[in-house]
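One structure is given below, encoded as structure tokens.
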Amino acid sequence: MNDDPTADPQSVAVEQLEEFGLSAYAARSFVALSGLGTGTARDVSRVSEVPRTRVYDAMDELHDRGLVDVLQSSPKQFRATSAETASRTFEHELRYRTDVLRTALDRLEPTDRRAEQRGVWTVNGRQAVTERVVEFLASADEEIVYMSVEGLLTDDVLDALSEAAERDVSIKLGGVSADVQERVQDDIPGATMFESLWAWSDTSAGRLMMVDGRKTLVSALVNGADASPADPRSETAIWGEGDANSLVVVLKAIFTWRLDSETAD
């Protein structure tokens, strides 16, 4: 997938339009018409290399999606909506589909999300791991213990921690530098800082967390200690939930030992 719209804007635009559900002919026709401004089926076919007989089908598809206006002349003239209007159209569609999906999935979820989870579950990809972390933080009622590579302490995670603190959840953070500690304590004044279990730069560790003593997650930068947190593929995680879950039991013991040691010091 090419995500750089400056390198090859036509290919990127066609690819993204197809991702939004347009047929290949419709996507290519819309991109061609965007460059032309207005044009006939012959004009669009010449620029897009879509067969002229298929351009009419493509224009019907685009017209139905509100992306093309039609002048009823002979021959018909077609005009593409502006980039801003087209983007807004897809944004509204995406928001609507997301809302429908969320409602449908909410109705399918088990009524008790705190049920015992057997075994250890895996999550791959930085964005997916971050979303799971944010989900777990949002579920916290009493305590959050969180250790992280600083590059993974993103705004989304900080916002979730701040919201948890506003619910009077106890926040304990480890593994961050003095500069980051200042930033965290500005946003979360009640957060408690503790020393890391190890030097993060010497390992491939990503983050460790425990929520309410019964939900834990641990991640690693899969390309080693030098893996870039900016690489969405560079993180993988395992998590477990439940008082008797093996991962929970082990990490809870480690965190309890470390926090007790901090208190003793």
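The values are calculated or read from the model by the stated rules, or taken from the named source; none is laboratory data. What you are looking at is a predicted structure, and each value in this text was computed from that prediction instead of being measured. Glycine gets a Cβ as well: all are built from the backbone with ideal geometry, and neighbour counts include every protein chain shown.
Tabulated data
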item	result
Criterion violated by Pro75 - all others in (1) more than 22 Å from His92 (Cβ to Cβ); (2) assigned to a helix (DSSP H, G or I); (3) of a type outside the set (Gly, Ala, Ser) satisfied	(2)
Every residue from the stretch 125-181 that is assigned to a helix (DSSP H, G or I) and among the β-branched types (Val, Ile, Thr)	Val129, Thr130, Val133, Val134, Val157, Val180
Among residues of the stretch 62-96, those that are within 24 Å of the chain's Cα centre (by Cα) and farther than 16 Å from Leu17 by Cβ, counted	2
Residue satisfying all of: in the stretch 207-240; more than 19 Å from Val157 (Cβ to Cβ) and at pLDDT 80 or above; surrounded by the most Cβ atoms within 10 Å (Cβ to Cβ) among these	Gly240
So Leu67, is it touching a residue at least 24 places away in the same chain (Cβ under 8 Å), of a type in the set (A, V, I, L, M) and out of contact with any Ser or Thr (no Cβ under 7 Å at 6 or more places or on another chain)	no
Residue among Thr81, Thr103 that is under 20 Å from Pro9 (Cα atoms) and out of contact with any helix residue (DSSP H, G or I) (no Cβ under 6 Å at 6 or more places or on another chain)	Thr81
Residue ID - nearest to Phe30 (Cα to Cα), chosen from residues in the stretch 78-117 that are assigned to a strand (DSSP E or B) and at pLDDT 85 or above	Ala80
Within the stretch 41-69, considering residues that are outside any helix (DSSP H, G or I) and in contact with a strand residue (DSSP E or B) (Cβ under 6 Å, 6 or more places away or on another chain), the one surrounded by the fewest Cβ atoms within 10 Å (Cβ to Cβ)	Asp69
Residue under evaluation Val120, criteria (1) modelled with pLDDT under 90; (2) assigned to a helix (DSSP H, G or I), criterion not met	(2)
Residues (touching a helix residue (DSSP H, G or I) at 6+ places or on another chain (Cβ under 7 Å) and closer than 21 Å to Ser11 by Cα) located in the stretch 43-56	Asp43, Val44, Ser45, Val47, Ser48, Val50, Pro51, Arg52, Arg54, Val55
